[in-house]
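S.K.: One structure, as structure tokens, below. Some questions next.
The values are calculated or read from the model by the stated rules, or taken from the named source; none is laboratory data. Just so you know, these numbers come straight off a predicted model, no measurement behind them. Ideal geometry is used to build each Cβ from the backbone, glycine not excepted, and the neighbour counts take in all protein chains shown. Surface accessibility is based on the protein's heavy atoms, side chains included, excluding ligands, DNA and RNA. Shrake-Rupley method; radii C 1.70, N 1.55, O 1.52, S 1.80 Å.
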Amino acid sequence: MSTVDRPGLSDSVAAAVDESRLWAAHVALASIGGTPAGGVCRLALSAEDAEARRLLAAWARERQWSVAVDPIGNLFIRREGQDPRLPPVVTGSHLDTQPTGGRFDGVYGVLAGIEVLRALDDARIGTQRAVEVVAWTNEEGCRFSPGMMGSEAFAGIRDVATMLVVQDANGVSVAEALASTLDATPDATRRPLGFPVHAYVEAHIEQGPELERTGNTIGVVTGIQGTCRLRVEVRGDEAHAGTSRRGQRRDALLAATRMIQAIEQHVESCDPADDVRLTFGMLKVKPNVPSVVASWAYFSIDVRHADDDVMLGLVARIEPICREQAGGCDVKVTEIQRALATRFEGRAFDAVLAATRSRGYRHIAMPSGAGHDARQMAQLCPSAMVFVPCAGGVSHNEAESAEPADLAAGTRVLAHAVHELANT
Ligand code: HGY
Ligand code: MN
Ligand code: MN
């Protein structure tokens, strides 16, 4: 008969975290969508995503944990508590990756959650509240844009209906891809969207250099900077490369490059401290052949900053700059996602800080430059994040790397904090 919490049991749970078992789980997941360069390509709702979900569901069955999915495909693995009526503690992250992603972004948070459940079992420790591990659907947003679909749907920030119709570059909709992905976990209980959550804690690699640079093992995350995502569509006219005069062209690609340059120069002029994160990650061109003047260009803009006023001030300048650089082309600027800066505070943050101190890890309190599902969960319940270092801060890159000992340290902090929260 397992025992419900008594003081000090959080140490026992943390001690039951098994570093080599956690590493083996990462090796297993990294083989699903593994790339020749040693990274991972496991796009949202792809065959690889389905295979990863199937593996997690099999692990859950081994331990008699229950498995459920909701209407956007969020996957929940639940270890029951003493009182099933109480809102659970939820931990987790995402299984999907960027196309040239690494072996740790997202998946570490899911596997750390699984390891916490295993540690609770092995230590034969019960909790008042159930503990659920979640794998959020489509955090990355590279196949189906914008990302964060699972956690935004769960938090009621965006309507599932608007997500299901989104199509990928091949015209496959979220709805179609979701249906085939869910076939991978046929025994999963179908749940309605959303439920009360007592607290949410997400473990993640930092995806930046601070922990490694300062020699710290744990980042107790204070919040996430704001993010605005936009798309710019430029329309011109196709023309012959050898006969059309420059003065008569409506060259969509040339106009797009002028817009990109002008936005970059504007940001540089008002951000001497290099605090703004401005990214033009995607550019599409039609007809995209050497001897035809481009009639269509489509590019992405990702603007981030810790101060919402600064970020929104820059976003407000984007459309005017694009129109100034249009050169006779038609321009359409669309904002597709806006997430303001988020602070983590309250019982989840306090539990992570207390667990980190109690375990004696070198640590710093620090903000997150990257976006995470925890941002959305912070709108629902007390939420927090545990960061661990990654080599050189490199992420969204196949060279992404992390040390087994650091992953285990973060998981011990997670186990300690989750156990405390599941008994309050
Ligand atoms: O873009 C982000 O910050 C996240 O890693 N998807
Ligand atoms: Mn991530
Ligand atoms: Mn990512």
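S.K.: Tell me which residues, restricted to region 113-131, are in contact with a Leu (Cβ under 9 Å, 6 or more places away or on another chain) and open to solvent by less than 10 Å² (accessible area, probe 1.4 Å).
M.R.: Hits for region 113-131 are 113, 114, 115, 116, 125, 126, 127, 130, 131.
S.K.: Now for a separate question. Check 75, 95, 56 and return the single one that is among the hydrophobic types (A, V, I, L, M, F, W, C) and within 15 Å of ligand 2 (Cβ to nearest atom).
M.R.: 95
S.K.: Same structure again: Within region 325-365, which residues are in a helix (DSSP H, G or I) and buried (at least 22 other Cβ atoms within 10 Å of the Cβ)?
M.R.: Listed by number, the residues that qualify are 348, 349, 351, 352, 355, 356.
S.K.: Which count do you get for residues in region 190-249 that are assigned to a loop (DSSP other than H, G, I, E, B) and open to solvent by less than 60 Å² (accessible area, probe 1.4 Å)?
M.R.: 16
S.K.: Only residues in region 126-137 that are under 26 Å from residue 42 (Cα atoms) count as the first member; pair them with residues that are of a type in the set (Asp, Glu) and open to solvent by less than 10 Å² (accessible area, probe 1.4 Å), Cβ under 6 angstrom, at least 6 apart or cross-chain, and list the lot.
M.R.: 136/373
S.K.: Find the residue count for region 89-99, including only residues that are open to solvent by 10 Å² or more (accessible area, probe 1.4 Å) and either out of contact with any Asp or Glu (no Cβ under 8 Å at 6 or more places or on another chain) or under 22 Å from residue 421 (Cα atoms) (or both).
M.R.: Going through region 89-99 one residue at a time, the tally reaches 1.
S.K.: Still on this model: Please work out which residue is nearest to residue 65 (Cα to Cα), limiting yourself to region 168-189 and to residues that are of a type in the set (Val, Ile, Thr) and part of a loop (DSSP other than H, G, I, E, B).
M.R.: 185
S.K.: Any chance you could count how many residues in region 113-158 are part of a loop (DSSP other than H, G, I, E, B) and more than 16 Å from ligand 2 (Cβ to nearest atom)?
M.R.: Qualifying residue count for the region: 11.
Residue-by-condition table, conditions (1) farther than 27 Å from residue 160 by Cα; (2) open to solvent by 10 Å² or more (accessible area, probe 1.4 Å); (3) in a loop (DSSP other than H, G, I, E, B):
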residue	(1), (2), (3)
28	yes, yes, no
38	yes, yes, yes
44	no, no, yes
49	no, no, no
53	no, no, no
56	no, no, no
64	yes, yes, yes
71	no, yes, yes
76	no, no, no
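S.K.: Also: Of the residues 10, 93, which single one is touching a residue at least 40 places away in the same chain (Cβ under 8 Å), small (Gly, Ala, Ser) and assigned to a strand (DSSP E or B)? I'd like the intermediate steps shown before the answer.
M.R.: Numbers: 10 fails: assigned to a strand (DSSP E or B).
Being touching a residue at least 40 places away in the same chain (Cβ under 8 Å), small (Gly, Ala, Ser) and assigned to a strand (DSSP E or B) holds for just one of 10, 93, which is 93.
S.K.: Looking at region 287-315, which of the residues that are charged (D, E, K, R) and more than 16 Å from ligand 2 (Cβ to nearest atom) is least open to solvent (accessible area, probe 1.4 Å)?
M.R.: We begin by selecting, within region 287-315, every residue charged (D, E, K, R); these are 302, 304, 307-309.
Among the residues that remain, those that are also more than 16 Å from ligand 2 (Cβ to nearest atom) are: 307-309.
Details: 307: 66, 308: 39, 309: 123 Å².
Looking at residues that are charged (D, E, K, R) and more than 16 Å from ligand 2 (Cβ to nearest atom), I get 308.
S.K.: Conditions first: (1) closer than 21 Å to residue 219 by Cβ; (2) open to solvent by 30 Å² or more (accessible area, probe 1.4 Å). Residue 105 passes all but one, so which condition is the exception?
M.R.: (2)
S.K.: Mind checking which residues of region 250-260 are open to solvent by 50 Å² or more (accessible area, probe 1.4 Å) and free of Cβ contacts under 8 Å to residues at least 60 places away in the same chain? I'd like the intermediate steps shown before the answer.
M.R.: Narrowing region 250-260 to residues open to solvent by 50 Å² or more (accessible area, probe 1.4 Å): 250, 253-254, 257-258.
Once the filter is applied, which keeps residues that are open to solvent by 50 Å² or more (accessible area, probe 1.4 Å) and free of Cβ contacts under 8 Å to residues at least 60 places away in the same chain, region 250-260 yields 253, 257.
S.K.: Quick check on my filter: what residues within region 117-173 are among the aromatic types (Phe, Trp, Tyr) and either closer than 14 Å to residue 90 by Cα or at pLDDT below 95 (or both)?
M.R.: Selection gives 136, 154.
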